[in-house]
Amino acid sequence: MTDAADQPTAGHLIARLVDRGWTVAVAESLTGGMVVSSLVDIPGASAVVRGGIVAYATPLKSTLLGVDAALLTRQGAVDPLVAAQMAAGVRFATRIGDQPTDVGIATTGVAGPTEQDGHAVGTVFVAVETPSASRVVELALSGSRERIRAEATEAAVRVALELLS
């Protein structure tokens, strides 16, 4: 069993970003702002956090984040490629001038209480994109809606830390 102090946290991610001189932005669906909130809770986060976009309604994933509308129609919002495009899209949407954000994090999935687009409650995709790498992770979470959202938030931070390691 691991000690809580050994678990990756938003504070570790902020520190890693500061060390690299990189910025981060978050595109969220089922987590509804929880990921970016966990980041801005950390003192000094303003040095690296550019912002977040909560694209809860499926069409907003296309209009705000540039996710392919045909993909959303064909696959729905709970899809690994949708998550990847959300992470890429938030890097561009939060650019300053011609400088994109360095790290994009995205969450999409089903928190419940019912399935969505044929996906079971607890199906979650977390995506992270940087200038040099990207990763999409599928999660099968269980528990209450609140627990699924909290675990998806923790997973998003963890995946970002792993990709930056």
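Could you tell me which of the residues THR63, THR31 is hydroxyl-bearing (Ser, Thr, Tyr) and over 15 Å from THR153 (Cα atoms)?
THR63 is the lone residue from the list that is hydroxyl-bearing (Ser, Thr, Tyr) and over 15 Å from THR153 (Cα atoms).
Per-residue answers, yes or no, for (1) among the basic types (Lys, Arg); (2) without any contact (Cβ under 8 Å) to a residue 40 or more places away in the chain; (3) part of a helix (DSSP H, G or I):
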site: PHE125; (1), (2), (3): no, no, no
site: VAL128; (1), (2), (3): no, no, no
site: SER132; (1), (2), (3): no, yes, no
site: SER142; (1), (2), (3): no, yes, no
site: ARG147; (1), (2), (3): yes, yes, yes
site: THR153; (1), (2), (3): no, no, yes
site: ALA156; (1), (2), (3): no, no, yes
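At negative phi and touching a Leu at 6+ places or on another chain (Cβ under 6 Å), is that true of ARG16?
Judged against the criteria, ARG16 is a match.
Working only within region 108-149, note down all residues that are under 16 Å from the mean Cα position of the chain (by Cα) and either within 16 Å of LEU13 (Cβ to Cβ) or acidic (Asp, Glu) (or both).
VAL126, ALA127, VAL128, GLU129, THR130, ALA133, ARG135, VAL137, GLU138
Report, by residue number, each residue of region 63-90 that is surrounded by 21 or more Cβ atoms within 10 Å (Cβ to Cβ) and either polar (S, T, N, Q) or touching an Asp or Glu at 6+ places or on another chain (Cβ under 6 Å) (or both).
VAL78, GLN85, ALA87
How about region 82-123: which of its residues are part of a loop (DSSP other than H, G, I, E, B) and closer than 12 Å to ARG50 by Cα?
Answer for region 82-123, where residues must be part of a loop (DSSP other than H, G, I, E, B) and closer than 12 Å to ARG50 by Cα: THR94, ARG95, PRO100, THR101, ASP102.
Can you tell me which of ARG95, ARG74, ARG91 is among the basic types (Lys, Arg) and under 20 Å from LEU161 (Cα atoms)?
Exactly one of ARG95, ARG74, ARG91 is among the basic types (Lys, Arg) and under 20 Å from LEU161 (Cα atoms), namely ARG91.
Given the conditions (1) in contact with a Leu (Cβ under 6 Å, 6 or more places away or on another chain); (2) of a type outside the set (A, V, I, L, M); (3) on the phi > 0 side of the Ramachandran plot, which single one is not true for GLY76?
Here GLY76 clears every test but (1).
Counting only residues that are over 14 Å from ARG50 (Cβ atoms), surrounded by fewer than 16 Cβ atoms within 10 Å (Cβ to Cβ) and at pLDDT 95 or above, how many does region 1-31 have?
Qualifying residue count, region 1-31: 3.
The values are calculated or read from the model by the stated rules, or taken from the named source; none is laboratory data. In this text, all values refer to a predicted model and were calculated from it rather than measured experimentally. Methodologically, a virtual Cβ is constructed for each residue, glycine included, from the backbone with ideal geometry; neighbour enumeration extends over all protein chains shown.
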